[in-house]
Amino acid sequence: MPNPYLNVGEEALGCTIFAYRLMSDTVAGSAFGQPVRSGAGSERSRQPVFVMGCHRSGTNFLYDTLLSAGGFAVYRGYLPVYKILIPRFGHPSDPRNRTRIVDAWMRSKGFARTDLDPAHLSSRLMAESHTGGDFIRIVMDEVARQQGVKRWAVYDPDDVLHIPRIKADLPDALFVHIIRDGRDIALSLMKMGEFRPFPWSRKPRGLLETALYWEWMVRTGRRHGRQIPADYIEVHYEDLVNDPRRTLATLGEFLDHDLDYNRIQSTGLGRLSESNSSFLDEANQTRRNPVNRWKERLSDQEITELEALVGPSLEESGYQLTTVAQRRVGLLHRWLAAAYPRFLDAKLWLRLHTPVGRFANLSALELSPSGQKNDPDSAIG
């Protein structure tokens with residue numbers, strides 16, 4: 001039976017895109033075509049959830065929304081197994097690599113935030129963790145068991161790049177891809193001033209380069225998602241902000257989880273009460289709608305250039321363009337639009353499949369000195 005979340009008919013460079021989307025109309029059934037409610041004891045209601053999306057798309061916000069609904073293990077740590085640990089130390093099927101992975105992560109802030117017994121957890125990881133998925137499952141199952149819940153979710157923006165590997169290791173995984181208007185993403189990344197499209201350039205780049213990065217992340221995630229349509233859904237950040245009840249009802253049907261809006265608002269974990277906006281230094285930021293900031297902050301010329309460069313991807317993702325006249329892209333940006341996605345694809349492949357991955361930076365793990373146990377209290381922040 002056709003999945004009620006399936007949105008058919010989006011044109012993507014002449015190809016029809018099939019992807020799960022949060023639709024504005026009421027969903028009639030579950031991903032299996034029949035109405036389901038959380039608490040019914042279905043297998044789907046216990047499946048793990050991966051929240052992902054381009055940086056600055058609202059992954060934190062969506063993840064904290066799920067945790068605030070209840071029924072999920074509350075974990076605010078970092079498990080970059082596919083992004084950092086396996087590239088750096090090798091596949092955990094080799095006991096020597098597994099030892100290095102476990103030793104490194106047990107010194108990380110991510111472990112400190114589990115509040116688990118280190119001896120018990122490391123013993124399980126060494127005995128049972130033969131894939132990246134095993135590692136994540138063991139850690140999160142232990143966190144869920146300790147908290148007395150039967151389900152867990154994790155988030156990492158870069159998981160959009162690793163969907164096939166995660167799905168191979170964890171066949172029951174469900175993927176929630178949050179997508180935000182690329183014009184707002186480009187504006188936010190540029191505002192942060194830390195985005196560099198090429199490693200040999202030390203100068204933070206501008207609006208168009210950040211927009212191309214958004215395009216690559218979104219298209220990569222959607223391409224992977226089309227391979228697993230029953231277990232992949234897209235959520236628009238704008239829908240989550242502007243129409244949360246309907247959006248959460250649809251997402252709840254997909255996950256088979258009760259995402260009660262009133263309970264979520266009452267609990268208000270993490271980003272639901274504290275913003276991580278890149279515009280926090282500006283007055284009254286917390287009271288302003290975070291949707292469509294680009295309309296106020298970008299000039300007409302910037303909007304025209306941006307839409308000329310990534311307009312097709314914006315439209316594929318459901319965003320209307322504001323410029324209807326003939327748009328031209330300069331020679332430099334035509335070259336960048338052609339070269340940058342290929343560079344990112346090559347960089348990812350090298351990291352995952354060659355010794356280049358051994359140079360993966362461990363700083364994001366926030367490691368304590370070797371032999372020193374992380375203090376869980378100091379890890380909260």
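The single condition among (1) aliphatic (A, V, I, L, M); (2) under 26 Å from Ala249 (Cβ atoms); (3) buried (at least 19 other Cβ atoms within 10 Å of the Cβ) that Val149 does not meet is (3). Looking only at the range 345-355, residues that are loosely packed, with under 13 Cβ neighbours inside 10 Å and of a type in the set (Lys, Arg) come to 0 in all.
For the range 156-262, the helices (runs of 4 or more DSSP H) that sit wholly inside it and include 3 or more residues that are modelled with pLDDT under 95 are 182-192, 207-225, 237-242.
Residues of the range 75-95 that are assigned to a helix (DSSP H, G or I) and not hydrophobic (A, V, I, L, M, F, W, C): Tyr82, Lys83, Pro87, Arg88, Pro95.
Let's see how each residue does on (1) out of contact with any helix residue (DSSP H, G or I) (no Cβ under 9 Å at 6 or more places or on another chain); (2) of a type in the set (Ser, Thr, Tyr); (3) part of a helix (DSSP H, G or I); (4) touching a residue at least 24 places away in the same chain (Cβ under 8 Å):
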| site | (1), (2), (3), (4) |
| --- | --- |
| Asn97 | no, no, yes, no |
| Ala104 | no, no, yes, yes |
| Ser123 | yes, yes, yes, no |
| His130 | no, no, no, yes |
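Given the criterion surrounded by 11 or more Cβ atoms within 10 Å (Cβ to Cβ), basic (Lys, Arg) and modelled with pLDDT of 90 or more, identify the matching residue among Arg358, Arg327, Arg342.
Details: Arg327 fails: modelled with pLDDT of 90 or more; Arg342 fails: surrounded by 11 or more Cβ atoms within 10 Å (Cβ to Cβ).
Unique residue meeting the criteria: Arg358.
Only a single criterion out of (1) surrounded by fewer than 17 Cβ atoms within 10 Å (Cβ to Cβ); (2) of a type outside the set (Phe, Trp, Tyr); (3) touching a strand residue (DSSP E or B) at 6+ places or on another chain (Cβ under 7 Å) is not satisfied by Glu316, namely (1).
The values are calculated or read from the model by the stated rules, or taken from the named source; none is laboratory data. Small disclaimer: the values here were computed from a predicted structure and weren't measured. Backbone-built Cβ (ideal geometry, glycine too); neighbour counts: all protein chains shown.
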